[in-house]
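Student: Pasting a structure below so you can have a look.
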Amino acid sequence: MRTLPSVVSSLALLLLLSACGRSAGPDGTDDNEPPPPPPSGKTFALEEATVADIHAAFAGEQTLADGSPLSCVKLYELYTARIAAIDDYPQAAGLPVRAVLRINPQARAEAEALDALYAKEGLGGRPLHCVPMLLKDNYDTYDHPSTSGSYSMLGHQASVDANAVAGLRRNGALILGKANQDEFAFTVMGTSGRGPLTRNPYDTSQSPGGSSSGTGAAIAANFAAIGTGTDTCMSIRYPSSVNGLAGIRPSVGLVSQHGVFPLTHSRDAPGPMARTLHDAVLALNAMAGADPRDAKTLEYSNLAYPNRPADYTAFLDREKYGLKGRKLGFVKRMGTLDTAGDGEHLALIEAAIAEMKVLGAEVYEVEFPDFVSVAASAMHYEWNEYFRQFEAENGYAAPRRCLTALNAGQNQCSLGDGVLDTGLVSPVALISVASAALSDPDTPPDAALLQQHVDTRNYVQALMDAYPLPGGGTVRLDALLIRPGSSPRTCDFGSSTQNPSVVVPVGLTSDGVPKGIEVLARKWDEPTAIGIAYDYEQATHFRTPPKLAANPQAGSLLVSEFNRAREDLLLSLLDQDPYALPVEEYLRVIREYVSGFSEVPGSP
């Protein structure tokens, strides 16, 4: 088992102290940095830093605690130092957060290049200039691997960015690395095949939601400024809710699925997660757009919203697009499912609805009795199609070339090239992978099921257009309010309709864990969902950072060792169900991993 070095360099200590918000003496400079700005009197704080804060610090409007300027390289160092100090360190509930799966080995060099660019032209029309981002591990990146949280995908390295990632880079984003995820996105509990359970930073005895579990936990814990997820059913909405984040599940087709490992293309929606809705919208701007490699992104101009907004931040205007005059429906039932639920989360949502009424909205309780959940799933076909496109685009074969060579169909996959054939799929994901392997690899999604998505959406939107009132008459609903989460399973509503949703916080439950509310609009009508959610977010400001302990003796972070240790961490335990492993077993493995740090409190 490889470990991080125990030597605490003066630079690492400086970065750790800076990450914790304390002065640590003057920093050095390098040739690529712009000249130091004059002191501003306002201190840049890494915790809860927004894109505006980062750019203000670059411009000299904020400085570090010692009065020195912020550069992209220093920002990279601050975030990686925070990851080193906190991510593996057991918190009050006994387990660490463990949200970061891999740090991009090229990120520092990219930060240097961004500093050089800033010295020449400032922001230069790059709204995300040097904004550190962690991507869910199923997004392809040309500079480091993506494994979908599975040992079976180790070595899967693209030479071409996913379309959404390319958009982020064009807008100046610094791709800091990959966040952990539920293996192949099959669960919503943080069950990565490559590490112990990712935990909720507000209470590590609890789930961070999933399958974008690492992204939700990492952004909440301030390990990066913005993150990305993919939502097939609740995988952006649920982790955003329980990590106090603003999350956007776009309309299916607004953001290209190119280069994102699929689960069910008819439901998959790549999207951003951030600590503020403004920052999430900046990322959405960069990720969205037509892409010939994903035909769904070309449907936009043929439907009800022919003029794609160039900048969704235009709808962050409370007066023009906020709650005043809006008519909203709180979804109490879909089909036979009681979607309101009960308990503290419901109480928080009811309080949020009361606040929305104060802000000028009318809210009605609504039901959709004939709602039908649908998923046009053809996982075997879509996985093999992903590998075919990967090889055609990259010009070389990936370590995995199909779901299984035992039933490869037309993919011409040899024994040993299949995901299932490696024997490295963990027990949690194994049943789903094996079940999919039995299906026909050459049969695309059923046309009738694809049409059912349209029919379900038409049913929902027709009721929204003219919802019958108890006393007679109808009302046109601008958007719907939904309780996000796994119990009750409300995610099917947006996933079946392929409609856009925005999640923002509504407060904390008595155990200190956040909860959110989902604002769902008609397909392609992201502006309405964004405007409503933004007005409520700005009126309430319920985002609260978690209280996290930092290892006071964290050593210098060597990226290569961090990444190798992540790859090796649970390999010896692969035949054991992560749900069944006792806390003591996790702590034993973690203790070995952090043996270069100080002794881990609470370890057996």
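Student: Quick one: putting +1 on the C-beta of Lys and Arg, -1 on the C-beta of Asp and Glu, what dipole do you get for the range 379-437 around its Cα centre, in Debye to the nearest 20?
Tutor: 100
Student: At what distance in nm do the modelled label points of GLU61 and GLU299 sit from each other, each positioned 7 Å from its Cα along Cα→Cβ?
Tutor: 4.0
Student: Based on the Cβ-Cβ distance from SER414 to SER435, what FRET efficiency comes out when R0 is 30 Å, to the nearest 0.05?
Tutor: 0.85
Student: Towards the positive end of the charge dipole of the chain, with charges on Cβ (+1 Lys, Arg; -1 Asp, Glu), say which of PHE223, TYR467, THR497 has the farthest Cα.
Tutor: After comparing all options, I get TYR467.
Student: Roughly how many whole Å is it from the C-alpha centroid of the range 546-568 to that of the range 354-404?
Tutor: Going from one Cα centre to the other spans 33 Å.
Student: Given Cα pairs under 8 Å that are at least 6 residues apart, what percent is the relative contact order of the chain?
Tutor: Averaging sequence separation for qualifying contacts and normalising by length gives 18 percent for the chain.
Student: Applying a 10 Å radius around every beta-carbon, put 164-170, 543-549 in order of their mean neighbour count, most first.
Tutor: 164-170, 543-549
Student: I'd like the antiparallel share, as a percent to the nearest 5, of DSSP beta bridges with both residues in the range 108-249.
Tutor: Bridges in the range 108-249 that DSSP calls antiparallel: roughly 20 percent.
Student: Given +1 on the Cβ of Lys and Arg, -1 on the Cβ of Asp and Glu, and no further charges, what dipole in debye does the chain carry about its Cα centre, rounded to the nearest 20?
Tutor: Working: 47 positive and 69 negative charges, 126 e Å.
The dipole of the chain has a size of about 600 debye.
Student: Still on this model: Normalised by the number of residues in the range 379-437, what is the relative contact order in percent for Cα pairs under 8 Å and 6+ residues apart?
Tutor: 28
Student: With a ≥ b ≥ c taken as the square roots of the eigenvalues of the C-alpha gyration tensor of the range 394-445, please select rounded if a/c is under 1.5 and otherwise prolate if a/b is larger than b/c or oblate if it is not? Mind showing how you got there, number by number?
Tutor: Details: a/c = 1.92, a/b = 1.17, b/c = 1.63.
Oblate, because a/c is 1.5 or more while a/b does not exceed b/c.
Student: Loop-only check: which trypsin sites (Lys or Arg not before Pro) in the range 250-310 are DSSP coil with at most 16 other Cβ within 10 angstrom?
Tutor: The qualifying sites are ARG293.
Student: Another one. Only helical DSSP H runs with n ≥ 4 go in: add -39500 (n - 2.57) per run for the chain, normalise by residue count and round the 222 nm mean residue ellipticity to 500 deg cm²/dmol.
Tutor: Numbers: 17 runs with 190 residues, N = 604.
Taken over the chain, the calculation gives -9500 deg cm²/dmol.
Student: I'd like the antiparallel share, as a percent to the nearest 5, of DSSP beta bridges with both residues in the chain. Walk me through the numbers on the way to the answer.
Tutor: Values: 32 of 52 bridges.
Given both bridge residues lie in the chain, the antiparallel proportion sits at roughly 60 percent.
Student: Let me ask something else. Put a dot 7 Å past each Cα toward the Cβ at GLU319 and LEU406; how far apart are the dots in nm?
Tutor: Distance between the two pseudo-spin positions: 6.6 nm.
Student: Can you check what the net charge comes to around ASP279, using other residues whose Cβ is under 15 Å from the Cβ of ASP279 (Lys, Arg +1; Asp, Glu -1)?
Tutor: Cβ neighbours under 15 Å give a net charge of -2.
Student: Suppose R0 equals 30 Å; then what is the FRET efficiency for ASP511 and LYS327 from their Cβ-Cβ distance, rounded to the nearest 0.05? Present the calculation step by step, with values, prior to reporting the outcome.
Tutor: Working: r = 34 Å, r/R0 = 1.14.
Here the calculated transfer efficiency is 0.30.
Student: Modelling each spin label as a point 7 Å along the Cα-to-Cβ direction, I'd like the GLU393/LEU571 distance in nm, to one decimal.
Tutor: About 2.9 nm, to one decimal.
Laboratory data are not the source of any read-out in this text; all were calculated from the coordinates shown. No experiment lies behind these values; they were computed from the predicted model shown. In this analysis, Cβ positions are derived from the backbone assuming ideal geometry, glycine residues included, and neighbour counts consider all displayed protein chains.
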